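K.L.:
Before anything else, here's the structure in question.
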Amino acid sequence: MRKLVLVIITVIAMSTYFACSKSTPQTTSCTATPPDQDSAALVKFAGDSIPLTRDTSGLYYHIIDSGSTYKPLSSSQLLVNYVARLIPSNQTFDSAMSSNLGGAPLGQLIVGWQIGLPKIGVGGHIQLFIPSAYAWGCTGVGNIPADAPVFFDIELLGVH
């Protein structure tokens, strides 16, 4: 059930993200927060004990274990353990063990995962500090508020 919810949330998030980035004169739409606007919150959340790397996209990450050289592609289906938390409250909003994410390929997951997961290989472990624009954007979803940056602690168990 959790896998299905994650897939649904991801599809909604991606649809929302693309909808928010388009503006038409007839429609009132939200405006996604630029990734750099969340930088201070992401760095503060990590604290001094986690050395962060900033991707050119604005995603912050920390590789705990780079894993093998076998890395996921956009079309790859993943097998992962993960914990997801809101920034700055540190409230866990989702977690899973040995999840195949409902069979969704990496290219259908939130943008933060699409940018971050290819940085590690199978057996790797990464922490992603994701700006709201690369998560659920300006509308949020479920218990994830609008413009909420998020944190994911992910172990990449397999790639198919």
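Read the figures in this text as sums done on the coordinates, not as results from a lab. If you're wondering where the values come from, they're calculated on a predicted model, not measured in any experiment. FYI the Cβ positions are ideal-geometry reconstructions off the backbone, even for glycines, and counts take in every protein chain you see.
K.L.:
Can you tell me how much longer the chain between Ile50 and Thr69 gets when fully stretched, taken as 0.36 nm per residue apart minus their C-alpha distance, in nm with one decimal?
P.N.:
Working: separation 19, 0.36 × 19 = 6.84 nm, distance 2.38 nm.
Here the segment from Ile50 to Thr69 would lengthen by 4.5 nm.
K.L.:
Determine, for each peptide in 48-58, 69-79, the mean count of other beta carbons within 10 angstrom over its residues, then list the peptides with the highest first.
P.N.:
69-79, 48-58
K.L.:
May I ask you to evaluate 6.51 cos²θ - 1.76 cosθ + 1.60, the Karplus curve with θ = phi - 60°, for each residue of the stretch 151-159 and list the ³J(HN,Hα) values in order in whole Hz, giving x for glycine and proline?
P.N.:
10, 10, 9, 10, 10, 8, 7, x, 9
K.L.:
Here's something else I'd like to know. What is the distance, in nm, between label points placed 7 Å from the Cα along the Cα-to-Cβ direction at Ser29 and at Asp153?
P.N.:
Modelled inter-label distance: 3.7 nm.
K.L.:
Length gain on complete extension for the stretch Phe93 to Ala41, per 0.36 nm per residue less the alpha carbon to alpha carbon distance?
P.N.:
My answer for the length gained is 16.9 nm.
K.L.:
Shifting gears a bit: Tell me, what HN-Hα J-couplings in whole Hz come from the Karplus equation 6.51 cos²θ - 1.76 cosθ + 1.60 at θ = phi - 60° for each residue of the stretch 30-40, using x for Gly and Pro?
P.N.:
7, 10, 5, 5, x, x, 5, 5, 8, 3, 4
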